[in-house]
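Before any comments, here is the structure.
The values are calculated or read from the model by the stated rules, or taken from the named source; none is laboratory data. Keep in mind it's a predicted model, so treat the numbers as computed, not measured. Neighbour counts run over all protein chains shown; Cβ positions are idealised from the backbone, glycine included.
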Amino acid sequence: MNSNTKIRIIAGRMLQAIPSVFGIIVVTFLLTRALPGDPAVYFAGPAADEKSIQQIRESLGLDKSLPEQFLIYLGDLVQGDLGVSISTGFPVAEELWRRLPASLELTLLALIFSISVAIPLGIAAATRPNSWVDQLCRLIVTAGVSLPVFFTGLFMVYIFYYILGVAPSPLGRLDIIYLSPPPITNFYTIDALLAGDFEVFWAALAQLILPAITLGTFTLAPLARMTRGAMLQVLSSDFIRTARASGLTRSTVLYTYAFRNALLPILTTLGMVFSFMLGSNVLVEKVFAWPGIGSFAIEALIVSDYVAVQGFVLAMAILYVLLNLTIDILYTLIDPRVGLDG
Amino acid sequence: MNERVPVLAVDNLNVEFRTRSGVVKALENVSFHVNRGEMIGIVGESGSGKSVSALTAMGILDEAGRVTQGSINLGGLDVLNAPERDLQEMRGREVSMIFQSPRTALNPIRTVGKQIGDVLRRHGSANRQNVRAEAIKALMSVRIPDPERRHDAYPFELSGGMCQRIMIAMALSCRPELLIADEPTTGLDVTTQAAIMDLIKELAKERNMATVLITHDLGMAADYCDRIVVMHAGHVIEQAATAELFASPRHPYTAKLMKATPHGEGSLDDIESIAGGLPDLRAELPPCRFSARCERYEAACDMPALIADEVSPGHLVTCRRPL
């Protein structure tokens, strides 16, 4: 296959993402309308009468028919306008945009932690079945899936902050004694490095470690299990026997031949794991008072701020579509068979 | 290398597999050898130990397998006691192996040229600069049309016969002394089978290479091999030069196997099946593992210490009551 067909396949996948995004817009719109509670009543306050509630309803556009509301919403969306949050008074797009780097920084670090533990562990377990590494892998997988995120988070805070005192207080992205670094990427660790401020870098990293490990522990389990399973399966396949019979070194057999093939199911799992992460983010952010989009969404949900909830769900869904797109593209790059037989 | 010293000599080999349901005695007292320029056939039913013998000779037996007795000498190297590093050096350079189902025996996500290149570079037959040219040369040696283009093809883009040619190109790329072909034509259509076998025979002759052909097809072994080793349930029961074996098979199993093989003349009605199946290799086994299926069985067959008899020069039979 030449690179031209590859580009065509990738472009095709990108086009396929458009209907998904539209579907997501429709579903989030309908879902947030189906939420219990009338936002107009909430915002009018307990003392409001029928007339003032009706006024608020009109000002929010809630008196119009559902299709009309949808068209207005769609029109705003095209201009990048997600509406104004009823609870904070700021535009939702601005709120999300401001909080997204915090969530992404946490999620990416958790993912890096999770991958860098799970994949070597899975490979080691697969190459030495029933050894102590394999048992360790089994133990970690079981622990990882059975401990809920909020429990791991609180447990970590209890041990490392309260008992041992080695972790900073779990209150956001940076201890109040530090000034946040000049915003470039809005990832505090990266910005601090760019500014050459190592003290702030370490402080930001210290804040990140506990929540990232909490989030990563949860996703480590499926990833390690899939790595082990995929490696075991690939290692017993015919072409590995051929590679060994050709005298290729152990590392060539293991990485160039086996791992690259095992990477396909691992990538699929990675996609799923990432969506778990987006979900658990909400809990972890709450436990560690992390000013990300997860905690924003919870606060919005509690006060029936459906404009904000809708914006959050949409942002998450688009993130998820983008992630799947990335995985599909990686698939196409790794596996030459993709796109020809399906 | 001296003409008289065999390229591969397997002597008194015992192999066991530890499984959950007991120890499988896969090979017992297996001995055979291959000389330079010679092609031998190892023939037997599925499960008779043909492939296990070959994989043990290569030192790539599954981890569940244990060699409990015997020795293997491959081009002067003591395979069973050599360090893994030496064995890796040996594989692909001194001895190569090709397998059945060539499409699954190649890495599905790596171009075939790169896979050949990996072997070439591993054994120092090519470097970064000339690896592509050398791989193309290897493809040319197995008469693959348009080798430049095939170099960049993936296995799924090629036919089974073409993949087997690639396997052969890869196996022979570093000019080994010995080629082990484990059912190389299984899964290929009949015309391709003949073409592949002719290619192997021709390349072996051209390079004065020793070849072990593992097959369940006695007819194919007869067509291509100089000598035939017949295996049954982990025993070598008879070995002789092809002409001699076909003229006067001495083991009852060999004779039965011949009657069960279709010939050019003669109708399908002449084919006789062999009654019974292979014995359970996990159980206590009699000295002769064919005794339960044998029409010539008598009490003496159960006496221990059954050894191979040289009934005529180079013709060995492991039977108390040979034909």
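Within region A:162-179, can one find any residue that is modelled with pLDDT under 90, under 25 Å from A:Phe276 (Cβ atoms), surrounded by fewer than 19 Cβ atoms within 10 Å (Cβ to Cβ) and not hydrophobic (A, V, I, L, M, F, W, C)? Yes, there is a match, as at least one residue in region A:162-179 is modelled with pLDDT under 90, under 25 Å from A:Phe276 (Cβ atoms), surrounded by fewer than 19 Cβ atoms within 10 Å (Cβ to Cβ) and not hydrophobic (A, V, I, L, M, F, W, C). Only one entry in A:Ala243, A:Ala258 is under 20 Å from B:Met97 (Cβ atoms), facing another protein chain (nearest Cβ under 10 Å), in contact with a Leu (Cβ under 7 Å, 6 or more places away or on another chain) and surrounded by 20 or more Cβ atoms within 10 Å (Cβ to Cβ), namely A:Ala258.
Residues in region B:39-55 that are surrounded by 20 or more Cβ atoms within 10 Å (Cβ to Cβ) and either more than 11 Å from the chain's Cα centre (by Cα) or not assigned by TED's automatic domain parsing to the domain that holds B:Thr215 (or both): B:Ser48 only. Name the residue that is farthest from B:Arg175 (Cα to Cα), counting only residues in region A:210-240 that are small (Gly, Ala, Ser) and either more than 13 Å from chain B (Cβ to nearest Cβ) or part of a helix (DSSP H, G or I) (or both). It comes out as A:Ala212.
I'd like the residue in region B:70-82 that is in a loop (DSSP other than H, G, I, E, B) and small (Gly, Ala, Ser) and, out of all such residues, is farthest from the other protein chains (Cβ to nearest Cβ). If we take residues in region B:70-82 being in a loop (DSSP other than H, G, I, E, B) and small (Gly, Ala, Ser), then B:Gly76 is farthest from the other protein chains (Cβ to nearest Cβ). Tallying residues that are under 24 Å from B:Phe17 (Cα atoms), in a loop (DSSP other than H, G, I, E, B) and within 13 Å of the chain's Cα centre (by Cα) within region B:209-235 yields 1.
Only one of the numbered conditions (1) touching a residue at least 24 places away in the same chain (Cβ under 8 Å); (2) assigned to a helix (DSSP H, G or I) is violated by B:Met140, and that is (1). Across region B:83-99, the qualifying residues are those that are free of Cβ contacts under 8 Å to residues at least 40 places away in the same chain and out of contact with any Ser or Thr (no Cβ under 8 Å at 6 or more places or on another chain), and the one among them that is farthest from the other protein chains (Cβ to nearest Cβ) is B:Pro83. Would region B:255-268 turn up any residue that is in a loop (DSSP other than H, G, I, E, B) and in contact with a strand residue (DSSP E or B) (Cβ under 8 Å, 6 or more places away or on another chain)? Taking every residue of region B:255-268 in turn, none turns out to be in a loop (DSSP other than H, G, I, E, B) and in contact with a strand residue (DSSP E or B) (Cβ under 8 Å, 6 or more places away or on another chain). For region A:169-209, a residue qualifies if it is among the charged types (D, E, K, R) and in a helix (DSSP H, G or I), and the qualifying residues are A:Asp191, A:Glu199.
So that you can scan it fast, the table gives a plain yes or no per residue for (1) over 16 Å from the mean Cα position of the chain (by Cα); (2) part of a loop (DSSP other than H, G, I, E, B); (3) away from chain A (no Cβ under 11 Å):
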site	(1), (2), (3)
B:Ser101	no, yes, no
B:Gly113	yes, no, yes
B:Val119	yes, no, no
B:Asn127	yes, yes, yes
B:Pro176	no, yes, no
B:Thr185	no, yes, yes
B:Leu203	yes, no, yes
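A:Leu106: at pLDDT 90 or above and surrounded by 11 or more Cβ atoms within 10 Å (Cβ to Cβ), yes or no?
On the way: at pLDDT 90 or above: yes; surrounded by 11 or more Cβ atoms within 10 Å (Cβ to Cβ): yes.
Here the answer is yes, as A:Leu106 does meet what is asked.
B:Glu238 fulfils the conditions (1) of a type in the set (D, E, K, R); (2) in contact with a His (Cβ under 7 Å, 6 or more places away or on another chain); (3) assigned to a loop (DSSP other than H, G, I, E, B) except for a single criterion, (3). Counting the residues of region B:284-323 that are touching a residue at least 12 places away in the same chain (Cβ under 8 Å), small (Gly, Ala, Ser) and farther than 26 Å from B:Ala243 by Cα gives 3. Under the condition of being more than 28 Å from the chain's Cα centre (by Cα) and loosely packed, with under 10 Cβ neighbours inside 10 Å, the residues counted in region B:269-301 number 4.
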